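What follows is a set of notes on a single structure, which appears directly below.
The values are calculated or read from the model by the stated rules, or taken from the named source; none is laboratory data. All figures in this text were calculated on a predicted structure; none of them were measured in a lab. Positions of Cβ are backbone-derived with ideal geometry, glycine not excepted, and every protein chain shown enters the neighbour counts. Remember, those area values only see protein heavy atoms, side chains included, never the ligands or the DNA or RNA. Shrake-Rupley method; radii C 1.70, N 1.55, O 1.52, S 1.80 Å.
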Amino acid sequence: MHKPSNFRNWSILIVVALMIMAAIIHGAKVSEGTQRHYLEETFNASNCNFKPINANKWELSGLEPNCTGHVYFGEGYGYNGPVRVMFHTDTVGFIQFIVPVDHNETPSYFKKLEQHGFLNHMISTQIALYKDEEPVDMVSGATISSRAIQQAIRDGYLKGEQLSTQSKQIQFGMLELCILVLFLMGMLIHTKYGHSQRRLLRWSSMVLSVIVLGFVFNAHLHLSRIAAFLAGYFPDFFLYPAVYLLIGGSLVIALLSGKNVYCHSVCPFGSAQEILAKIGGGKPRRPPWHRTWKWVQYGGALIVLLYALSNSNPGLAHYEVFGAFFSLTGNPLLLGITIPVVVISLFVKRFWCRFICPIDGVFAYIRLFRNTIIQTFAQLLK
Amino acid sequence: MFPYSTFLGPVFWMAMGAFVVIFFMGLAALLKDRQIPMNWWKWLLVVTWCIMLYIVVVGGFTLFGENETRAGLYFLGVFGTFMAVVGVALYRLLTK
């Protein structure tokens, strides 16, 4: 017979898991759409004939001048999952137009592409150029989204023409190295070092995290990333190993050791708040209603996650202020929220982490899962 | 019109000058009342902070005046927040 607390824990774990699964199934139904539907929407269906060549390529024929050439469908990997594009080439292979048919990118990043006329720059480019390279420069501040579109074009072209791709090489750079070093430092902090060594390690890791992960790469673990993984949108491991290191490192360490190394010493915004609290003399404040509030914080994160998953749009789960703080990206509301968060963080240590951050909810779920498993095994072995 | 008026323009700037003097006299009195010891470099930091804050406010509202409301809000938001952080750090330095 299990203790009531263990029964309660299992109930929470199972109910949350079922809710997430139901949202994923609903989201998969929502995102169903066919290539023909997109073609008919874009071209005049009554005057154009669409002939499928393979899973990625269609041949156009018809009386209208734009009903010639080919249409390709390809997929790239963006910030929050796949970016699918449809593009039309004329009979000699020059791109006529590009339509992103499906993506989950954060609207502010995608808006940057429009502002820079990114899609227009690719028009009239010879499609054959995409065989070995991505010929148009990325948009600064929306690098991942712009690369995803070019990847999608390349993917559509190579698959449509059944050309072989180059062998892939893992892109391991400064960001990945920095993440590994930060996790290593984070784990060392939890070992039995002396107080002064731990303090030195912690502050070094926090400064490194703020500068490199925050200001240079703007790389964080956020809810939309987790939503993207749950919805089955896995970015290309060879191109984005940093994403796997961040998510894998954080979750595996939390599961195995029960320690939340990510929030404690890797998260750049957490580190920035600690630095702000040091400047303002902020103290960790725990009001009497803090425990009750945690349910609101976790419940809010779960609701947003379910909403994003059920709409098959992980980008909807993006309500963290990290991007706004480090690179001034995000909608005006997020930018507006960032200002009081920064000011309050001067006086309340880790205000965002304690009261709002949805990632805390994710780690709370993992912690609950781990502790419940251990508790159950301990009871079974008695 | 007001900014170019031969009478109201100078009066406005004289009033502004008087307000600045009153502000610093008030600040000196407040610091004395709170028993915060001041020296020349502390005053230099305070005046620098005040000038920077002034530039932020002027910059932001100039952008509003140029019908660049969004840019003005971003300017005030980013540099205003930065000035708030520097202000808190400065106050802690003065009271140390």
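Give me the accessible area per residue for chain A, probe 1.4 Å, as a whole number in Å².
Details: 18940 Å² over 382 residues.
Solvent-accessible surface per residue comes out at 50 Å².
Please go through the range A:131-235 and write out the GluC sites (Glu not before Pro) that DSSP classes as loop and that have at most 12 other C-beta atoms within 10 Å.
A:GLU133
What is the distance in Å between the Cα centres of the range A:55-85 and the range A:229-255?
Value for the Cα centre distance between the two parts: 29 Å.
What residue among A:GLN150, A:GLN96, A:GLN169 has the largest mean-square fluctuation in a Gaussian network model of chain A, using Cα springs under 10 Å?
A:GLN169
Along the positive direction of the dipole of the protein assembly as shown (beta-carbon charges: Lys, Arg +1; Asp, Glu -1; about the Cα centre), which of A:GLN150, B:ASN39, B:VAL88 reaches farthest?
B:ASN39
How high is the relative contact order of the range A:174-380, in percent, with contacts defined as C-alpha pairs under 8 Å that are six or more residues apart?
Numbers: 234 pairs, mean separation 56.1, N = 207.
After rounding, I find 27 percent.
Once B and A are treated as a pair rather than alone, how much accessible area drops out, both sides summed, in Å² to 100, probe 1.4 Å? Kindly include the intermediate steps, with their values, before the conclusion.
On the way: alone 7600 and 19360 Å², together 26080 Å².
By this definition, chains B and A bury close to 900 Å².
For A:HIS195, what accessible area in Å² do you get when you roll a 1.4 Å probe over the heavy atoms of the protein chains, rounding to the nearest 10?
130 Å²
Averaging sequence separations of C-alpha pairs under 8 Å and six or more residues apart, then dividing by the length of the range A:59-150, give the relative contact order as a whole percent. Intermediate values should be presented prior to the final figure.
Details: 160 pairs, mean separation 24.7, N = 92.
Relative contact order for the range A:59-150 comes out at 27 percent.
Collect residues whose amide H, placed 1.01 Å from N in the peptide plane, falls under 5 Å from the amide H of A:VAL83; neighbours closer than 5 in sequence don't count.
HN-HN under 5 Å from A:VAL83: A:GLY76, A:TYR77, A:GLY78.
Rounded to the nearest 500, what is chain A's calculated 222 nm mean residue ellipticity when only DSSP H runs of at least 4 contribute -39500 (n - 2.57) each, over all residues? Each step should come with its number before you reach the end.
Details: 15 runs with 205 residues, N = 382.
Helices in chain A give a 222 nm mean residue ellipticity of -17000 deg cm²/dmol.
Do any trypsin sites (Lys or Arg not before Pro) in the range A:142-238 lie in a DSSP loop with no more than 15 other beta carbon atoms within 10 Å, and if so, which?
Filter output for the range A:142-238: A:LYS168, A:LYS192.
Roughly how crowded by other chains is peptide B:78-89, in terms of the mean Cβ count from those chains within 10 Å of each of its Cβ atoms?
On the way: counts 4, 0, 2, 7, 1, 0, 5, 8, 1, 2, 8, 6.
Per residue, the average neighbour count from other chains is 4.
Using a 1.4 Å probe over the heavy atoms of the protein chains, calculate the carbon and sulfur portion of the accessible area of the protein assembly as shown as a whole percent.
67 percent
Using a basic spin-label model with each label point 7 Å from the Cα along Cα→Cβ, how many nm lie between B:TYR4 and B:ILE55?
Reported label-point gap for B:TYR4 and B:ILE55 is 2.9 nm.
Return the whole-Å distance between the Cα centroid of the range A:364-382 and the Cα centroid of the range A:88-153.
Between the Cα centre of the range A:364-382 and that of the range A:88-153, the gap is 48 Å.
Just the number, please: percent antiparallel of the DSSP beta bridges in the protein assembly as shown, rounded to the nearest 5. Present the calculation step by step, with values, prior to reporting the outcome.
On the way: 24 of 25 bridges.
Bridges in the protein assembly as shown are about 95 percent antiparallel.
Spin-label point model (7 Å from Cα, Cβ direction): what's the A:THR191 to B:TYR91 distance in nm?
Result for the modelled spin labels: 4.3 nm.
Grab the DSSP H runs of chain B that are 4 residues or longer, score each as -39,500 (n - 2.57), total them, divide by all residues and round the 222 nm result to the nearest 500 deg cm²/dmol.
Details: 3 runs with 79 residues, N = 96.
Rounded to the nearest 500, it is -29500 deg cm²/dmol.
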